[in-house]
Amino acid sequence: MKKLIALIGLIFAALIGILVYQTNEKRTQDEIYGDAAVFFQEEDYKKAIQFFEDAADHNNLFSGDLKTDLSYYQAEAHIKLGEFEEALKLYESMIAENNKDNIPYVMKAYCLIGLEEEETAASVYKEGYENTKDPEFLCYLANHYVTMEQYEDAANVIHTYQNIKDEDIARKLAFLEIVIYEEQQQYEKAYELAKAYCSKYPEDEDGLKEKIFLESRQ
């Protein structure tokens, strides 16, 4: 019985020790994070990165969402310095931990575009849609293809998902289709689409502007 009580006492003491250690780590992490945030606000990004990395080294049982926040701020600091490859690694790590969060995909694609890897960025938008089912990725992808002047690929995205149930996404894709034909100087087709768009979305000022512009090209 005495041995059992002694064992329980040892376990309890160990748990208390762990709790005290983790609490101290949390306090240290919060202090370092606060300093890092100051450097970030002062646009001293190199110093901020050092402190964000130091704060991450003190991850503990109570870190919670702070662990993710540290990665986001650290990646953004790298982007501010034009260090896209370093930021890319952080976003890839975030995706590996949680592939249902849409922001790391968007920022990963942003970094790839910064590295002039546009085709790979397009594949990231596709991956983001497949894993998160967020239809906003369809707009990102179609828009990206338009920027790359790959109009056929952009049109394929729009036509594939033209019956999507999300009305806001459907509206954005419909507007992009107008832009696709306009960019290719197919003004007559673009005008017909603009008229249909304005009939369906009469409150959309951008659509009305497009319609007026395209009227001048008839």
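Tabulated results
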{"item": "Nearest-10 value in Å² for the accessible area of Tyr72, using the 1.4 Å probe", "result": "50 Å²"}
{"item": "Segment 38-141 - charge dipole about Cα centre, Lys and Arg +1 at Cβ, Asp and Glu -1, debye rounded to 20", "result": "220 debye"}
{"item": "³J(HN,Hα) computed for each position of segment 40-56 - Karplus, 6.51 cos²θ - 1.76 cosθ + 1.60, integer Hz, glycine/proline x", "result": "5, 5, 7, 6, 8, 5, 4, 5, 4, 4, 4, 6, 5, 5, 5, 5, 5"}
{"item": "Estimated vicinal HN-Hα couplings, Hz - segment 108-121 in sequence order (Karplus 6.51, -1.76, 1.60; Gly, Pro = x)", "result": "5, 4, 4, 5, 5, 5, x, 8, 6, 10, 5, 5, 5, 4"}
{"item": "Loop-located GluC sites (Glu not before Pro) in segment 123-212, at most 13 other Cβ atoms within 10 Å (DSSP)", "result": "Glu149, Glu203"}
{"item": "Tyr110, Tyr181, ranked by accessible area, largest first (probe 1.4 Å)", "result": "Tyr110, Tyr181"}
{"item": "Solvent-accessible surface ranking, highest first, for Phe51, Phe213 at 1.4 angstrom", "result": "Phe213, Phe51"}
{"item": "Largest to smallest accessible area among Met94, Met148 [probe 1.4 Å]", "result": "Met148, Met94"}
{"item": "Cα extents of segment 57-214 along the three principal axes, largest first (Å)", "result": "61, 30, 25"}
{"item": "Karplus 3J(HN,Hα) series, Hz, for segment 67-80 with 6.51 cos²θ - 1.76 cosθ + 1.60 (x for Gly, Pro)", "result": "4, 5, 4, 4, 5, 5, 5, 5, 5, 5, 4, 4, 4, 4"}
{"item": "Extended-chain gain in nm, criterion 0.36 nm per residue less alpha-carbon gap, Thr160 and Leu81", "result": "24.6 nm"}
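The values are calculated or read from the model by the stated rules, or taken from the named source; none is laboratory data. Bear in mind the structure is a predicted one, so any value in this text is a computation, not a measurement. Methodologically, a virtual Cβ is constructed for each residue, glycine included, from the backbone with ideal geometry; neighbour enumeration extends over all protein chains shown. Just the protein is used for accessible areas: all its heavy atoms, side chains included, with ligands, DNA and RNA removed. Shrake-Rupley method; radii C 1.70, N 1.55, O 1.52, S 1.80 Å.
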